Amino acid sequence: MLRIHLMQQWFGYSDPGMEEALHDVPMLREFAGLDAGEDAMPDETTILKFRHLLEKHHLAQSLFAETTAQLEPSRDYCCVMA
């Protein structure tokens, strides 16, 4: 669910939009660790409840900032290699 939340923030998906994208975009499912044939896809209500849980405990911004900080060095490395 955390990966789904992060993708939602990175790509600007609404809750219903994220649900739809998980069904339609194999790369997003793969990043989230979901297999369309085997795993139940989280619906928009599940996505919303998870986001509200993060917000309730003041974790959404700190998790997003930490994840982004962890990805920055790899982004720089990718740009050098290109």
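Arranged by the count of other C-beta atoms within 10 angstrom, fewest first, what order do M18, M41 take?
The fewest-first ordering by Cβ neighbours comes to M41, M18.
Pairs of alpha-carbon atoms within less than 8 angstrom and 6+ residues apart define the contacts here; what relative contact order does the chain have, in percent?
28 percent
In debye to the nearest 20, how big a dipole does the range 2-81 give about its Cα centre with +1 on each Lys and Arg Cβ and -1 on each Asp and Glu Cβ?
About 320 debye.
List the GluC sites (Glu not before Pro) within the range 1-46 that DSSP assigns to loop and that have no more than 14 neighbouring Cβ atoms inside 10 Å.
E38
Coordinate-derived values only; no laboratory data. Computed from a predicted model, the values in this text were never measured in an experiment. Neighbour counts are summed over all protein chains in view; Cβ atoms, including those assigned to glycine, are modelled from backbone coordinates with ideal geometry.
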